[in-house]
Amino acid sequence: MSNFMSEPHPLIDPTCSRLSAVDQLLVCLAAHTASGDLESLKEDWQHLSEESHALGLEVILQTHLFAGYPRTINALAVVRKLGCTLNTSVDAPYEQWRIDGESLCSQIYAGAYPKLRDAIAGLHVDLESWMLEMGYGRVLSRPGPSAMQREFGVLAVLSGQNVKPQLMSHLRGALHVGASIDALERVLELVGKIWGPQAEEDGLKVLAKLR
C-alpha cells in the first residue's frame with residue numbers, strides 16, 4: 001500500500017529552479033534523521049515518490065557517519081512502519097572499499113586531499129583508514145545518490161552541529177562534485193527551517209568565503 005501524500009510539503013518548493021523537489025526532500029530526510037524529528041521525517045517520506053525510495057534510504061543510511069547509529073536506526077524504523085520493503089545490500093566487495101574511498105575523497109577535497117589525509121592520520125592512523133575505507137568507500141560510494149546528492153545530505157546534518165571546519169570542507173566538496181552556489185543556498189535555507197535561523201546564517205557566512 002502506498003503512503004504517498006499529494007498535499008504540498010511545508011518546506012518544499014516544487015517550482016524551485018535551484019534544487020529539485022527530490023533533492024530538497026533528501027535534504028529534509030537527512031536533517032530530520034540527524035535532529036531526531038521523526039514526525040517531520042515521516043512527512044518527508046510520505047512525500048517521496050516510490051521510485052525515489054532507494055535514494056531516501058541511502059541518505060538516511062549515510063547519516064550514521066555524521067550523527068550516529070541511534071538516530072539512523074530510529075529513522076529507518078519509521079520508514080519501515082510506513083511500508084518501505086527495500087532491503088537489499090549494495091555493498092561493494094571489501095577489497096573495493098579503499099579504492100572507491102580514495103577516488104571519492106580525492107574528488108571532494110581536490111587539491112586539499114593529501115593535506116586532509118596527513119591531518120587525519122596525525123590524529124590517529126586508524127581514523128584515516130576508517131575515513132577512506134568505511135566512510136568514503138563502503139558508505140558514500142554506494143550506488144544510488146550522486147556524489148552531489150550525498151554531499152547535500154552531509155551538509156544537512158553538519159549544519160546543525162556547530163562544526164564549521166567540516167561544514168566548510170563539505171560546502172567546498174559539494175562545489176567540487178557539481179553543485180552550484182544557488183543550490184547550496186537553497187540547501188542552507190532548508191537547514192534554517194529545520195535547525196533554526198542561526199544554522200542558516202552560519203552556513204551562509206561559510207559559503208560566502210567560497211565565492
Within region 92-112, does at least one residue satisfy the condition of being more than 28 Å from M168 (Cα to Cα) and among the small types (G, A, S)? yes
Residues in region 141-148: is at least one farther than 26 Å from D13 by Cα, touching a residue at least 40 places away in the same chain (Cβ under 8 Å) and buried (at least 19 other Cβ atoms within 10 Å of the Cβ)?
yes
Scanning region 35-63 residue by residue, the ones that are over 18 Å from S146 (Cα atoms), open to solvent by 10 Å² or more (accessible area, probe 1.4 Å) and either touching a helix residue (DSSP H, G or I) at 6+ places or on another chain (Cβ under 6 Å) or not in a helix (DSSP H, G or I) (or both) total 6
- request: Kindly establish whether V78 is over 17 Å from the mean Cα position of the chain (by Cα), buried (at least 17 other Cβ atoms within 10 Å of the Cβ) and either β-branched (V, I, T) or modelled with pLDDT under 95 (or both).
  value: yes
So, first residue under 17 Å from Q62 (Cα atoms) and open to solvent by 60 Å² or more (accessible area, probe 1.4 Å) in region 90-104, second residue among the β-branched types (V, I, T) and modelled with pLDDT under 95, Cβ within less than 6 Å, six or more apart or across chains; the pairs are none
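Confirm whether L158 is aliphatic (A, V, I, L, M), at pLDDT 95 or above and closer than 28 Å to H53 by Cβ.
On the way: aliphatic (A, V, I, L, M): yes; at pLDDT 95 or above: yes; closer than 28 Å to H53 by Cβ: yes.
When the stated conditions are applied, L158 passes them.
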Note on region 168-205: residues surrounded by fewer than 21 Cβ atoms within 10 Å (Cβ to Cβ), farther than 21 Å from Y136 by Cα, touching a residue at least 12 places away in the same chain (Cβ under 8 Å) and in contact with a helix residue (DSSP H, G or I) (Cβ under 6 Å, 6 or more places away or on another chain) are E200, L204
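Applying the selection to region 36-75, what residues are among the acidic types (D, E) and over 15 Å from the mean Cα position of the chain (by Cα)? Break it down into steps so the answer makes sense when it comes.
First, the residues of region 36-75 that are among the acidic types (D, E): 37, 39, 43-44, 50-51, 58.
Residues satisfying the conditions are D37, E39, E43, E50, E51.
The values are calculated or read from the model by the stated rules, or taken from the named source; none is laboratory data. It should be emphasised that the depicted structure is a prediction, and the values quoted were computed from it without experimental measurement. So basically every Cβ, Gly included, is an ideal-geometry build from the backbone, and we count neighbours across all protein chains shown. Note: areas computed on protein heavy atoms with side chains; ligands, DNA, RNA excluded. Shrake-Rupley method; radii C 1.70, N 1.55, O 1.52, S 1.80 Å.
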